[in-house]
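S.K.: Dumping the structure here so I can ask a few things about it.
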Amino acid sequence: LGSKNITYFILYFSRLFVTLWQRTDFPMGKLALFLCFILSVFPADAFENRRHIHIIRRGSKKSHRGNTVAKIWIEENGIKKIEIAWSELSATEETEILQAIDKHWDELNKSIDAVFAGKKIMIKKLK
């Protein structure tokens, strides 16, 4: 490859990265259903420094950010660490969701990897 081709390559992928970074219409990666909630990620979250899951109340239109009613961190520096980033949930709902995430942590992480890789996944029902 010549330097001209390398320059075009760098420019193309730089523009692509900026375009993807600025998009706000990414489809939601639904990971699982739990009680009346959807656990999901957004492909744009792949660029964030800490892996997390958005909790969405099915059928709800009133919440902090769209339909999202909580954001749960699930790791820190690649190590399992589940904690609430912010939440509009009751204490009981928070406890139930944290327990479900803890119980299915490995499975949820594999699904998140697949979503970030652009693969389709099967939505799981958690118990």
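S.K.: Within the set of pairs 6 or more residues apart or between chains, which connect a residue that is touching a residue at least 60 places away in the same chain (Cβ under 8 Å) inside segment 98-127 to a residue that is part of a loop (DSSP other than H, G, I, E, B) and open to solvent by 50 Å² or more (accessible area, probe 1.4 Å) with Cβ atoms less than 7 Å apart?
M.R.: Once the first residue is touching a residue at least 60 places away in the same chain (Cβ under 8 Å) and sits in segment 98-127, its partners that are part of a loop (DSSP other than H, G, I, E, B) and open to solvent by 50 Å² or more (accessible area, probe 1.4 Å) give Ile112/Arg51.
Residues checked against (1) within 17 Å of the chain's Cα centre (by Cα); (2) within 18 Å of Glu48 (Cβ to Cβ); (3) surrounded by 12 or more Cβ atoms within 10 Å (Cβ to Cβ):
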| residue | (1), (2), (3) |
| --- | --- |
| Leu89 | no, no, yes |
| Glu94 | no, no, yes |
| Ile97 | yes, no, yes |
| Ala100 | yes, no, yes |
| Asp106 | yes, no, no |
| Ser111 | yes, yes, yes |
| Ala114 | yes, yes, yes |
| Gly118 | yes, yes, no |
| Ile123 | yes, no, yes |
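S.K.: Please determine, by comparing only the residues of segment 18-41 that are assigned to a loop (DSSP other than H, G, I, E, B) and at pLDDT 85 or above, which one is farthest from Arg58 (Cα to Cα).
M.R.: Result: Leu35.
S.K.: Return a yes/no flag: does segment 69-84 have any residue that is among the hydrophobic types (A, V, I, L, M, F, W, C), under 17 Å from the mean Cα position of the chain (by Cα), surrounded by 13 or more Cβ atoms within 10 Å (Cβ to Cβ) and at pLDDT below 90.
M.R.: Scanning segment 69-84, I find no residue that is among the hydrophobic types (A, V, I, L, M, F, W, C), under 17 Å from the mean Cα position of the chain (by Cα), surrounded by 13 or more Cβ atoms within 10 Å (Cβ to Cβ) and at pLDDT below 90, so the answer is no.
The values are calculated or read from the model by the stated rules, or taken from the named source; none is laboratory data. Only a predicted model underlies this, so the values are computations on that prediction, with no experimental measurement involved. Neighbour counts are summed over all protein chains in view; Cβ atoms, including those assigned to glycine, are modelled from backbone coordinates with ideal geometry. For accessibility, only protein heavy atoms count, side chains too; no ligands or nucleic acids. Shrake-Rupley method; radii C 1.70, N 1.55, O 1.52, S 1.80 Å.
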